[in-house]
1. Test residue 139 against the stated conditions and say whether it is over 26 Å from residue 12 (Cα atoms) and modelled with pLDDT of 95 or more.
2. In the range 218-236, which residue that is surrounded by 19 or more Cβ atoms within 10 Å (Cβ to Cβ) and modelled with pLDDT of 95 or more is farthest from the chain's Cα centre (by Cα)?
3. Quick one: residue 36 ticks every box in (1) touching a strand residue (DSSP E or B) at 6+ places or on another chain (Cβ under 7 Å); (2) within 24 Å of residue 129 (Cβ to Cβ) except a single one, so which number is it?
4. I'm checking my understanding of the structure. Among residues of the range 21-34 that are loosely packed, with under 14 Cβ neighbours inside 10 Å and in contact (Cβ under 8 Å) with a residue 12 or more places away in the chain, which one is farthest from residue 81 (Cα to Cα)?
5. Select from the range 79-125 the residues that are without any contact (Cβ under 8 Å) to a residue 12 or more places away in the chain and surrounded by 16 or more Cβ atoms within 10 Å (Cβ to Cβ) and list them in ascending order.
6. Being closer than 22 Å to residue 224 by Cα, surrounded by 14 or more Cβ atoms within 10 Å (Cβ to Cβ) and in contact (Cβ under 8 Å) with a residue 60 or more places away in the chain narrows it down to one residue among 38, 60; which is it?
7. Restricting to the range 137-169, name every residue that is buried (at least 18 other Cβ atoms within 10 Å of the Cβ) and not in a helix (DSSP H, G or I).
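The values are calculated or read from the model by the stated rules, or taken from the named source; none is laboratory data. Since this is a predicted model, take the numbers as computed values, not measurements. Using ideal geometry, Cβ is built from the backbone for each residue, glycine included, and neighbour counts are taken over all protein chains shown.
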């Protein structure tokens with residue numbers, strides 16, 4: 001994207017992210033900013049049906065059993081988790097890439113395979129799985145919070161993605177991270193020996209530490225148990241999803 005400064009790149013990316021959210025899943029009745037604990041809001045939001053609440057509250061082993069017996073279809077499970085993830089995002093700013101339609105297409109393929117063969121693809125058949133932003137998924141961006149990486153689409157999958165899909169998992173969102181995953185600049189001292197003389201150099205090396213999920217592309221992810229606090233990092237986006245009781 002030539003001739004754009006970093007602010008314009010970030011604004012473009014955020015606009016495209018917002019456009020990727022199904023419009024019918026955007027909520028007008030979000031809690032006030034003063035409400036710090038929002039962990040119970042998904043169940044009272046009106047967006048999730050009672051069946052979808054049951055699905056997203058299920059333990060993973062129970063979820064996989066119902067998927068393997070077709071008691072719950074992969075499409076309805078991915079839809080339920082997608083809705084709950086979008087609710088979580090509206091409350092905590094936890095997502096980066098949203099590709100739920102792609103996930104639903106894969107889920108439909110899994111349902112059809114189970115219907116035709118009576119077998120599951122693998123032990124994670126139909127299980128929705130979120131990815132940290134740095135993990136490559138072909139055709140999807142991974143900015144890691146760098147504005148200069150906006151518009152760079154992965155040409156191939158990470159090994160982890162291939163492994164998860166081979167096991168039957170369904171990928172549907174990516175989650176926010178600190179820029180470079182974990183970075184702040186803390187000056188430190190080190191000693192260099194040169195020509196028989198010891199030189200103590202101050203401020204020329206840096207430790208990389210950043211205990212919260214914030215970057216200049218997607219902003220800060222907050223803690224759903226107390227939105228005045230960070231969700232930590234580098235897996236802050238994932239942590240916020242877990243905090244909103246998404247089990248996969």
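1. Details: over 26 Å from residue 12 (Cα atoms): no; modelled with pLDDT of 95 or more: yes.
So residue 139 fails the test.
2. Filtering the range 218-236 for residues that are surrounded by 19 or more Cβ atoms within 10 Å (Cβ to Cβ) and modelled with pLDDT of 95 or more, the one farthest from the chain's Cα centre (by Cα) comes out as 227.
3. (2)
4. In the first step, residues of the range 21-34 are kept if they are loosely packed, with under 14 Cβ neighbours inside 10 Å; the result is 22-24, 26, 28-29, 32-34.
Filter once more, so that each one left must be in contact (Cβ under 8 Å) with a residue 12 or more places away in the chain: 22, 26, 29, 33.
Working: 22: 13, 26: 15, 29: 20, 33: 24 Å.
This residue is 33.
5. Within the range 79-125, the subset without any contact (Cβ under 8 Å) to a residue 12 or more places away in the chain is 101, 105, 109, 112-113, 116-119.
Correct list: 113 only.
6. Numbers: 60 fails: surrounded by 14 or more Cβ atoms within 10 Å (Cβ to Cβ).
One residue alone meets the criteria, 38.
7. Taking the range 137-169 first, the residues buried (at least 18 other Cβ atoms within 10 Å of the Cβ) are 137, 140-145, 147, 150, 157, 161, 164-165, 168-169.
Residues satisfying the conditions are 137, 140, 141, 142, 143, 144, 145, 150, 157, 168, 169.
The rows are residues; the columns are (1) at pLDDT 95 or above; (2) farther than 29 Å from residue 126 by Cα; (3) within 19 Å of the chain's Cα centre (by Cα).
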site	(1), (2), (3)
160	yes, no, yes
184	no, yes, no
205	no, yes, no
215	no, yes, yes
